[in-house]
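See structure below.
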Amino acid sequence: MAFDTPQNDTLLSAHFSLRYADKPVLRGVRLEIQRGEVMGLVGQSGSGKSTLAMTILGLLEKKRAHAEGSIQFQDSDLLQLSERELRTLRGRSISLVLQSPLSSLNPALRIRTQLKEAWRAHASGTNSDCGNAIRTCLESVSLPTDDEFLRKYPSQMSVGQAQRVLIAMAVMHRPVLLIADEATSALDVITQSEILALFRALNRSTGMAILYISHDLASVAGICDRIAILHQGEVVECGTTEQIFANPQHEYTQRLMAAMPRILPAGPSIQHKTQAAATR
Amino acid sequence: MRSESMNLGRKLACAVLVLVLAASAAANWLAPAGYARQYRDATGAPPSRAHWLGTDEIGRDRFARVLYGTRISLLLAPAAAFLSTLMAAFIGGLAGYLGGAWARIAMAVTDLFLSLPWLFLLITARALMPLNVSPLVSVLVTFLLLGLLGWTTAARVLCTTAASLRSSDFVRQARAVGLPGQRLFWIHVVPNLKPVLYAQFWISIPVFILSEANLGILGLGVAEPMPSWGSLLKELEGMVSVGEEPWKFVPLILLVVVVTSFQLLLSRQEEIAA
Amino acid sequence: MKQHDRGSKQLAYRCGSAIAVALICLGSLLGQLSAQSGELRFCLRAEPKTFNPLKVEEDSSGAIRYLTGGVLVRVNRQTQELEPGLAQSWKVSKDGRQISFRLRSGISFSDGTPFTAEDVAFTVQQLMDPALHSPTGDAFRSGTGNVETKVISPTQISIRFPSQVAGLDRLFDQVAILSQHSPKKEMAVLGPFMVADYKPGSEVLLKRNPNYWKIDEQGRKLPYLDSIRLDIQPNRDVEMLRFKRGELDLINSLDSEYFDKLAATSPQLAHDAGASLDSEQLWFNEVAKSPIPGYKKNWFRSANFRRAISEAINREDLSRVVFRGHAQPAMGPFSPANKFWFNPNLKPQTYSPDAAMKSLQSEGFRLENGTLKDKDGNTVVFSIITNAGNKSRERMAVLIQDDLQKIGIHVNVVTLDFPSLIERMTQSFDYEAIILGLTNVDLDPNGEMNVWLSSSDSHQWNPQQKTPETPWEAEIDRLMRAQASTSDLKKRKEAFDRVQEIVVEQQPFIFLVNKNALSAVSANVHGAAPVILSPQTFWNAERLSVPAK
């Protein structure tokens, strides 16, 4: 495992284990995210990716989740923070974008209301301050800012639009870290690439770090600086995208590479070989 | 086309409600003789110029009784329905949202409530009340009781709905945005309980109106000579055919029309949202 | 009318012979045929609790006892006179303790067991057996000691009671004679019908008793009917509906609303037999230890106040509006329908709010802004409770509420479920005024002993008095005891006439109306003559006939 970036730029440094409902879910997970980088976290479903994201945000049920270790974020250990302290971080310093945009928006509320609530959670000011903030963040995700759009209910929008609204909500308070949990998996290929491009653009323009969680190594490859591979609750490999793709160390990573539906320049023969090796 | 017809329906509903409310508010002028006056020489009379809806069995003007009864029922039944809905939302919704021990306690209380021998309790309630209460106090107490007791079934539904909302994506997303718990409940849970709450509210109104009439058996409910929709509906007991005395059905029709109008008018937003 | 009768009898005769033919030729068809010919149908409003005639305490069992039981003497429900039954003649001794019967001979029970004086002795011993708790027997229990029965011959018996029993002979109208020896026990009967089938919750089928002793004027055996089918049906709406559909032949008692609905469409089927013995009354709580305010007790215990209330109530309107004319303003505690015992000197009670007001003013009451106040300035307000669901009582209460408003008295009407009402009336005495009815089955005032004696539980306005609290209650006690201790009818009548006068004067019960006996009889039924006494429509069941369909 390579830690080749300077220490002083580390935004988040996690080293912890987690038991949920008395079952070990994450085992000695080590993960570091640098300021401004896009970090990929890849693993198949059930590997504990989402749990990891939830642990960072402190959103797991306190009674059932027992974490040991630490998650250093900026100057504090997230695992030691109170709910109150965590709440001030959520949405302001660390924000989250979930997989299915339509169910992640409250179907009973207008877009404007939901954005307003998100703004009010960490800011106070006049209605026009709030309006400005909403407009700015909507512009940043290339959504219309007119009244007609703001009056819409989630059910009246396309999936892509809904995902942009969620992203707008997530970047509203200019967080230093955005966690995108399978944020593009539910989208069609074209929308997917648009959203990925949006993430990349936001990362470049605001300098916020992104923890990009996905089961799909291919989609991660396009935007991530570094990739961590999570397998059965452990980070089995972590490195730059080039490293991972060029020289996968762990057997699981190799299998992931082999299963990629993309035709690599090296040609199908390699793929065959690795696959054969894996099955043997 | 559709929205136009809806618009028409809404206008109609609005007109009906304004008319009914105005008429009942103006009962003193429209029926100056009052609801208690007994025309003992014209009992059980069919509609006439003097008595637009005829008279009841002891000769009281049915039109006057409908007007005054509307005042009572239209004010108190929705008030009681609102009370019970609020309690259901608070008890069921909050318990479901908080989950865990809270939900268990709330549901145990609800089960206890559902299994209580109501008849016995209501008889006790009547026994605790003095016999000499004015008709108005009697009907107020009755609707208050109905409001305080009618929340249980809705609370169960609300509890499960709220529990499923709690683990929903948008609540998780909202928590990730940093909304405080209280805000989460009011902004994200309550609005999504609305369909259940609406249903509870609208079902409660006619149920309470009829319950009030039936509680007369226990010496609760509106007391003579004051009218209520419930006591007017009681006239329909044992009627065999509609054709016989159709004017007696006016209170029933009024109840149906008013409840439907309210529903039409207030469910507008829901329809647009859907 | 007469022709009508004869026609029906011929018809019955013909259908009887048809059955005889069927019996011989087509035995298998018998059930079907007899079910179709001459069957009377009506409803019992509750499940009969017993078929033992001595244990009867509710109406359904009472109806079956009336139809199946043979009695020594029968009160003719029409004339109210006592007529011979199984006994040809009878004699009550001077001291009123002993009665001797001379019985008919050659009679047998429905199962063929012969009937003798032994059976009467057996029945009386059973009746008076304390272990059986016979409600019918209670009427005979006047003192401690055993009943002596002496069988003189198979057709002669004398019965001696430990002490005097008022109206002794008439009480035997309720005593259906049991067989001492029949293996079928109480199912062996002497009346016109016998129980043939009983489906709990559904119906009781009575068949003609082939051994019934009575014959009509033409020498034909009674009863004319082959069977009576009694459906158990508590719902009166259903009962009415089925009557209208022709599935039922009789409705024994109707309330005025149903009656008018029926009369509107088919007046010939609705029968109003006039005022019955049943009364409706209002009374105030005069119990000294009741939990009501003292000043209210003072009003209620004042005869003047009670008389004023009585005068302020428009009884004409009650019978006209509430009962649609099918009730008569009550004149006193006994209905004029009770031909012998009603005191003919009683006059209709006057309605005069002015007179009521004057008499209230004489006691210091005064009107202030339309509200009546007593001499200490207390506003005159009281509540009237009645049992919920009884429409006519609720309506009477509302009319009275309106009447009393005219003399400045505000009344709150409260309807209560029956158990709560009874609890307030008999246990907690937490009430001010009640409207309830009194059902009189008995013509003889002796049956009302429990109402009039001040020491009794049923002396409702002020029960269980250790000693009479007022001179007039003492006087009623004395008169009631006096009439009970003699068998001299004239003396008894004098005493009871005086009781009626005192009650009207003191108004402990403010008698409101006597309800008419309303019934319905289908046009199929021949020989029907509804009366005011129970059983109103089928008192002459043995002479009713229904044509075969």
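The values are calculated or read from the model by the stated rules, or taken from the named source; none is laboratory data. Since we're looking at a predicted model, the values are computed, not measured. All Cβ positions, even for glycine, are placed from backbone atoms using ideal geometry, and neighbour counts span all protein chains on display.
May I ask you to list the residues in segment B:11-50 that are within 14 Å of chain C (Cβ to nearest Cβ), assigned to a loop (DSSP other than H, G, I, E, B) and not hydrophobic (A, V, I, L, M, F, W, C)?
To start, the set of residues in segment B:11-50 that are within 14 Å of chain C (Cβ to nearest Cβ) comprises B:33-46.
With assigned to a loop (DSSP other than H, G, I, E, B) added as a condition, the list becomes B:33-37, B:39-46.
Matches in segment B:11-50: B:34, B:35, B:37, B:39, B:40, B:41, B:43, B:44, B:46.
Condition check ((1) without any contact (Cβ under 8 Å) to a residue 60 or more places away in the chain; (2) within 12 Å of residue C:534 (Cα to Cα); (3) out of contact with any Phe, Trp or Tyr (no Cβ under 9 Å at 6 or more places or on another chain)) across all residues:
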{"residue": "C:57", "(1), (2), (3)": "no, no, yes"}
{"residue": "C:61", "(1), (2), (3)": "yes, no, no"}
{"residue": "C:72", "(1), (2), (3)": "no, no, no"}
{"residue": "C:89", "(1), (2), (3)": "yes, no, no"}
{"residue": "C:92", "(1), (2), (3)": "no, no, yes"}
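Being surrounded by fewer than 16 Cβ atoms within 10 Å (Cβ to Cβ) and of a type in the set (S, T, N, Q) narrows it down to one of A:76, A:93, so name that one. Don't jump to the end; show me each part of the working.
Values: A:93 fails: surrounded by fewer than 16 Cβ atoms within 10 Å (Cβ to Cβ).
Going through A:76, A:93 in turn, the sole match is A:76.
Among the residues of segment B:51-65, those identified as part of a loop (DSSP other than H, G, I, E, B), within 12 Å of chain C (Cβ to nearest Cβ) and not β-branched (Val, Ile, Thr) are B:56, B:57, B:59. Evaluating residue C:439 against the criteria (1) out of contact with any strand residue (DSSP E or B) (no Cβ under 9 Å at 6 or more places or on another chain); (2) of a type in the set (S, T, N, Q); (3) within 25 Å of residue C:309 (Cβ to Cβ) leaves one unmet condition, (1). The lone criterion from (1) under 21 Å from residue A:38 (Cα atoms); (2) of a type outside the set (S, T, N, Q); (3) in contact with a Leu (Cβ under 6 Å, 6 or more places away or on another chain) left unmet by residue A:162 is number (1). Applying the criterion of being buried (at least 18 other Cβ atoms within 10 Å of the Cβ) and out of contact with any helix residue (DSSP H, G or I) (no Cβ under 7 Å at 6 or more places or on another chain) to the residues of segment C:75-100, the residue that is farthest from residue C:143 (Cα to Cα) is C:77.
So which of A:131, A:58, A:36, A:48 ends up being on the phi > 0 side of the Ramachandran plot, surrounded by fewer than 21 Cβ atoms within 10 Å (Cβ to Cβ) and more than 9 Å from chain B (Cβ to nearest Cβ)?
Being on the phi > 0 side of the Ramachandran plot, surrounded by fewer than 21 Cβ atoms within 10 Å (Cβ to Cβ) and more than 9 Å from chain B (Cβ to nearest Cβ) holds for just one of A:131, A:58, A:36, A:48, which is A:36.
Of all residues in segment B:108-152, those satisfying the criterion of being among the β-branched types (Val, Ile, Thr) and surrounded by fewer than 16 Cβ atoms within 10 Å (Cβ to Cβ) are B:109, B:124, B:137. Scanning segment A:96-111 for residues that are at the interface with chain B (Cβ under 7 Å from one of its Cβ atoms) and in contact with an Asp or Glu (Cβ under 6 Å, 6 or more places away or on another chain), we see that the one that is farthest from residue A:167 (Cα to Cα) is A:103. Checking the stated criteria, residue B:171 turns out to be more than 13 Å from residue B:93 (Cα to Cα), β-branched (Val, Ile, Thr), within 12 Å of another protein chain (Cβ to nearest Cβ) and in a helix (DSSP H, G or I).
A residue that is in a helix (DSSP H, G or I), more than 9 Å from chain A (Cβ to nearest Cβ) and touching an Asp or Glu at 6+ places or on another chain (Cβ under 8 Å) occurs somewhere in segment B:145-165.
Those strands (runs of 3 or more DSSP E) of segment C:52-160 in which at least 2 residues are over 18 Å from residue C:444 (Cα atoms), considering only elements entirely within it, cover C:87-92, C:98-103, C:148-153, C:156-160.
Tell me the residue from C:285, C:298 that is out of contact with any His (no Cβ under 6 Å at 6 or more places or on another chain), buried (at least 22 other Cβ atoms within 10 Å of the Cβ) and on the phi < 0 side of the Ramachandran plot, please. Spell out how you get there, then give the answer.
Values: C:298 fails: buried (at least 22 other Cβ atoms within 10 Å of the Cβ).
Going through C:285, C:298 in turn, just one is out of contact with any His (no Cβ under 6 Å at 6 or more places or on another chain), buried (at least 22 other Cβ atoms within 10 Å of the Cβ) and on the phi < 0 side of the Ramachandran plot: C:285.
Kindly indicate the residue of segment C:391-441 that is free of Cβ contacts under 8 Å to residues at least 12 places away in the same chain and under 25 Å from the mean Cα position of the chain (by Cα) and also farthest from the other protein chains (Cβ to nearest Cβ) among those meeting that condition. Here the answer is C:422. As a summary of the residue check, residue C:386 satisfies the conditions (1) within 14 Å of chain B (Cβ to nearest Cβ); (2) in contact (Cβ under 8 Å) with a residue 12 or more places away in the chain; (3) in contact with a Pro (Cβ under 8 Å, 6 or more places away or on another chain) except for the one numbered (3). Against the conditions (1) away from every other protein chain (no Cβ under 14 Å); (2) at pLDDT 85 or above; (3) farther than 26 Å from residue A:99 by Cβ, residue B:115 satisfies every one except (2). Looking across segment A:114-128, the residues that are among the small types (Gly, Ala, Ser) and surrounded by fewer than 18 Cβ atoms within 10 Å (Cβ to Cβ) come down to A:123, A:124, A:125, A:128. Residue-level check: of (1) over 30 Å from residue C:235 (Cβ atoms); (2) touching a helix residue (DSSP H, G or I) at 6+ places or on another chain (Cβ under 6 Å); (3) in a strand (DSSP E or B), residue C:178 misses just (3). Every condition in (1) out of contact with any Asp or Glu (no Cβ under 7 Å at 6 or more places or on another chain); (2) farther than 30 Å from residue C:427 by Cα holds for residue C:308 except the one numbered (2).
Criterion first (aliphatic (A, V, I, L, M), surrounded by fewer than 21 Cβ atoms within 10 Å (Cβ to Cβ) and part of a strand (DSSP E or B)) does residue C:436 satisfy it? Let's see the steps before the verdict.
On the way: aliphatic (A, V, I, L, M): yes; surrounded by fewer than 21 Cβ atoms within 10 Å (Cβ to Cβ): yes; part of a strand (DSSP E or B): yes.
When the stated conditions are applied, residue C:436 passes them.
Could you check, for segment B:185-193, whether at least one of its residues is among the aromatic types (Phe, Trp, Tyr), more than 10 Å from every other protein chain (Cβ to nearest Cβ) and closer than 30 Å to residue B:62 by Cβ? Looking for residues that are among the aromatic types (Phe, Trp, Tyr), more than 10 Å from every other protein chain (Cβ to nearest Cβ) and closer than 30 Å to residue B:62 by Cβ, one finds none in segment B:185-193, hence no. Every condition in (1) surrounded by fewer than 17 Cβ atoms within 10 Å (Cβ to Cβ); (2) basic (Lys, Arg); (3) outside the structural domain of residue A:51 (by TED's automatic domain parsing) holds for residue A:164 except the one numbered (1). Scanning segment A:61-91 for residues that are polar (S, T, N, Q) and within 10 Å of chain B (Cβ to nearest Cβ) returns a single hit, A:88.
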